[in-house]
Amino acid sequence: MTNISQQTTPFRIFLTGLALLFILFVALLLRTHNLTTVTYVFDESFSLKMTEFSFVDLWKHVSEDTHPPLSFILLKIWGILFGTSMFATRMFGVTFGITTIIGAYLFVKEAYSSSDELGHRDASPASLAALLTAAMIALSPLHISWSLIARMYSLGTTLTAFSSWFLMRALHKIKPGMRDWVLFTITTIALAYTHHFGLFIIAGQYCFAAGYLWFHKLNGSPRDRLANLKPVFISALIFFWVWQLVLLSFLDQTQRVNANFYTQPFQLRDVGHTFYQLFIFDKGFPQVMITGLIIAQAVFLGLVLLLLGRRPADIFIFIASTVTFLMAIIYSLTSRNVFKARYFMFAQILLFTAAAILICRIPNKFVRNITIVAVLGGMAFCSHWNYQHREMMADHPGMAAALTRYDSISKSTEPLIVCNPLLYTTAITCTKNRKRVFTYTRDRGQEYPFYQGSSVMLETDYVNSKMIDQMKTRWIWTLDESRWLKTKVPVSQEWKKIGETHYPDFNCELVLRLYERKQNSGTQQKIGLLEID
């Protein structure tokens, strides 16, 4: 079989490039739908609040949360360069969502570009597999949803794709090339500094790299084999040395999660829900557990079938994927449950690659093409389902509507007290009067848990009941939540409720309430501005 570079004609290169551009265009359309009409979710508003700190303070406050600092630092730099509007901040996630597709294409093309990889006589299978992988990522509802959010997940998938590409490039060189090993090391460090779950992927990458270099030349002496391990050993040593900078924070965060986190103990249903969301729809429901478990079994069988091909890239995908899932299961059983679909987005790229390779190995061209159409058609349907869900979210602008009402009615002396930090971080992104928006603070010993956003809060963001009563104002507003956590600002007997308005949001139902001091009269001035109980 001739090398792929000799089989590729200029016209084929042109068609491949055109197809990739079309995939990227579709991906961009899906990842910018209702980009600025859906209110920030807590994960986003938390990240934006974090970026308001100086770089030094940001590092300190991140250590009080559960994530590494890189995504917050990059988001802060992004805001400095492009602004902090909703469009600008959400394009952070969208941009890395698009670069993920490019990185995955390059990875598959490099991994299966040698003459003995896919087992075909021409160049088309490697390009086809790369394009098919790119198309599946572009249409993935899970990847679309988390690319639309100013968060670290699309950044993590980008780093997974590019680190895998650089690793393949480094291993395919007859003589070890420093540039590719340096780039691989940098991207793995960046991945570890983006999300702790990336450590599972990185472990799989280094395991494969060590095994590949050890067994690559079976006729070599043990000394020669050890010499072959030199680049991966140096890379791993540098990685660990740099990662030590966040190691203490990682251990502290792990202890904090183990002591107090909202996840339930690991159960089989978590596996079903995770795999359903990885391949079908971003939002899991109780009734989809069986479907998800069937998908999980199909994925495992597919990985085993891929492994039977015994190509180096096949082995890499199998090791990196299985190591990730096995380590996640072990951690979930021995510590806290980490089976969340968004955490597995890094491994999802490899699973899509495995599916694309298996499809491209179907010997019958007609069956292969029908399978491609069926898979992409099914994923297009799922992405349309996700598109409709995004429409529903845009139709429930609860937080934005509540804060718009508050801004239009309240006077400069009338504060808004939000029931918890989780809602506060989003509320301040929707108001023009941020300086008079506060969070109610609980009594000592009943502080908010870190997963409700307390790590980004300042003392000046909080008010307690005594401080509320001492405010020199006749009116106060509260923002409560009645469907999700069901939290409410406890107002003292000094205040009389005048009215309330409910604002359905896509995650909860917000309640905007107006109170007047009992010692004042003339409440008719405000009656009618809110619905009365």
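Before moving on, here are some points about what is shown:
- Pair list, Cβ < 8 Å and 6+ apart or interchain, from region 37-59 residues that are among the acidic types (Asp, Glu) to residues that are outside any helix (DSSP H, G or I): Asp43/Ile149; Asp43/Arg151; Glu44/Ile149; Glu44/Ala150; Glu44/Arg151
- Considering region 142-175, the residues that are of a type outside the set (A, V, I, L, M) and assigned to a loop (DSSP other than H, G, I, E, B) include one that is nearest to Pro68 (Cα to Cα), namely Arg151.
- Annotation: Thr353 fulfils all but one of (1) closer than 29 Å to Asn258 by Cα; (2) assigned to a helix (DSSP H, G or I); the unmet one is (1).
- Among the helices (runs of 4 or more DSSP H) confined to region 360-428, the ones with at least 2 residues that are under 23 Å from the mean Cα position of the chain (by Cα) and modelled with pLDDT of 90 or more are located at 365-394, 421-427.
- Scope region 469-507; condition outside any loop (DSSP other than H, G, I, E, B), hydroxyl-bearing (Ser, Thr, Tyr) and under 20 Å from Tyr262 (Cβ atoms); matching residues: Thr487
- Residue within region 255-276 that is assigned to a helix (DSSP H, G or I) and aromatic (Phe, Trp, Tyr) present: yes
- The one condition from (1) in contact (Cβ under 8 Å) with a residue 40 or more places away in the chain; (2) surrounded by 19 or more Cβ atoms within 10 Å (Cβ to Cβ) that Arg361 does not meet is (2).
- His389 passes every criterion in (1) assigned by TED's automatic domain parsing to the domain that holds Asn34; (2) touching a His at 6+ places or on another chain (Cβ under 9 Å) apart from (2).
- Pairs, first in a helix (DSSP H, G or I) in region 306-333, second of a type in the set (D, E, K, R), C-beta under 7 Å, six or more apart: Leu306/Asp314; Leu307/Asp314; Ala313/Glu117
- Among the residues listed as Tyr112, Tyr153, the single one being at pLDDT below 95, among the aromatic types (Phe, Trp, Tyr) and crowded, with 24+ Cβ neighbours inside 10 Å: Tyr112
- Hits in region 300-331 (condition: under 24 Å from the mean Cα position of the chain (by Cα) and surrounded by fewer than 19 Cβ atoms within 10 Å (Cβ to Cβ)): Phe300, Thr322, Leu326, Met327, Ile329, Ile330, Tyr331
- Here Ser221, Ser145, Ser163, Ser140 are screened, and the one residue that is without any contact (Cβ under 8 Å) to a residue 24 or more places away in the chain and polar (S, T, N, Q) is Ser221.
- Residue in region 443-456 that is under 38 Å from the mean Cα position of the chain (by Cα) and modelled with pLDDT of 90 or more present: yes
The values are calculated or read from the model by the stated rules, or taken from the named source; none is laboratory data. What you see is a predicted model; the values in this text were computed from it and never measured. So basically every Cβ, Gly included, is an ideal-geometry build from the backbone, and we count neighbours across all protein chains shown.
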